[in-house]
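One structure is given below, encoded as structure tokens.
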Amino acid sequence: PPPSGYASWASGFLPAFTNTAADFDFENDGLASGIEWVVGGDPTLNDAASVTPTFNNTTDPNNFLFTYRRRDTAATDPNTTIVVEYGSNLTGWTIAQNGVNGVSIDATTDLGGGFRQVTVAIPRVLAASGKLFARLRVAVVTP
């Protein structure tokens with residue numbers, strides 16, 4: 001069968017995209033190709049600045065806001081797992097789940113072109129010693 005999901009997306013950048021491993025940062029811009037698949041980056045260009053998720057700790061008095069673009073086909077691809085994780089140090093991570101520990105996840109903003117904006121609100125009370133980190137974790141299984 002023809003490739004689908006990540007493999008289909010990656011094939012659109014051939015022949016320049018010579019290492020299509022989802023966990024590899026081909027152009028060395030700080031984003032692995034699997035994350036670029038999710039957020040709409042180009043794995044052959046250094047475009048991370050335009051697609052990197054953001055972490056805002058100033059606009060909401062009750063929550064830290066982690067925001068990223070999400071490709072609709074990546075969100076429905078059975079071989080792609082997309083989660084936001086948070087923690088008060090860089091070694092212990094908790095998966096952000098809507099309605100758990102006061103976390104809310106909003107993916108209602110349609111950005112057009114097959115993308116949505118996802119905003120994960122993480123309550124400030126979950127920060128230990130005033131510290132809170134968040135990250136986008138993407139895992140792609142290539143069949």
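The values are calculated or read from the model by the stated rules, or taken from the named source; none is laboratory data. Only a predicted model underlies this, so the values are computations on that prediction, with no experimental measurement involved. Positions of Cβ are generated from backbone atoms using ideal geometry, with glycine treated the same way; all protein chains shown enter the neighbour counts. These accessible areas exclude ligands, DNA and RNA; they are computed on the full protein's heavy atoms, side chains included. Shrake-Rupley method; radii C 1.70, N 1.55, O 1.52, S 1.80 Å.
What the table shows:
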quantity: Matching residues, the stretch 126-143, being surrounded by fewer than 16 Cβ atoms within 10 Å (Cβ to Cβ), within 20 Å of ILE35 (Cα to Cα) and among the small types (Gly, Ala, Ser); calculated: ALA139
quantity: Selection from the stretch 26-72 of residues that are of a type in the set (S, T, N, Q), surrounded by 17 or more Cβ atoms within 10 Å (Cβ to Cβ) and in contact (Cβ under 8 Å) with a residue 60 or more places away in the chain; calculated: ASN63
quantity: In the stretch 94-125, the residues that are buried (at least 17 other Cβ atoms within 10 Å of the Cβ) and either of a type in the set (Phe, Trp, Tyr) or outside any strand (DSSP E or B) (or both); calculated: ALA96, VAL103, PHE115
quantity: Filtered residues of the stretch 22-53 (kept if modelled with pLDDT under 95, not in a loop (DSSP other than H, G, I, E, B) and not hydrophobic (A, V, I, L, M, F, W, C)); calculated: SER50
quantity: Pairs, first closer than 10 Å to THR44 by Cβ in the stretch 4-15, second open to solvent by less than 40 Å² (accessible area, probe 1.4 Å), C-beta under 8 Å, six or more apart; calculated: PHE13/ASP42; PHE13/PRO43
quantity: Per-region count, the stretch 25-42, residues of a type in the set (Phe, Trp, Tyr) and under 18 Å from ILE82 (Cβ atoms); calculated: 1
quantity: Subset of the stretch 1-59 [farther than 26 Å from PRO78 by Cα and among the β-branched types (Val, Ile, Thr)]; calculated: THR58, THR59
quantity: Residue within the stretch 77-93 that is open to solvent by 60 Å² or more (accessible area, probe 1.4 Å), part of a loop (DSSP other than H, G, I, E, B), touching a strand residue (DSSP E or B) at 6+ places or on another chain (Cβ under 7 Å) and aromatic (Phe, Trp, Tyr) present; calculated: yes
quantity: Residue tally, condition more than 16 Å from the chain's Cα centre (by Cα) and in a loop (DSSP other than H, G, I, E, B), over the stretch 126-143; calculated: 6
quantity: Among (1) open to solvent by less than 50 Å² (accessible area, probe 1.4 Å); (2) closer than 30 Å to ARG124 by Cβ; (3) modelled with pLDDT under 95; (4) hydrophobic (A, V, I, L, M, F, W, C), the one test that ALA7 misses; calculated: (2)
quantity: Extreme residue, surrounded by the fewest Cβ atoms within 10 Å (Cβ to Cβ), among residues of the stretch 10-24 that are within 16 Å of THR80 (Cβ to Cβ) and aliphatic (A, V, I, L, M); calculated: ALA21
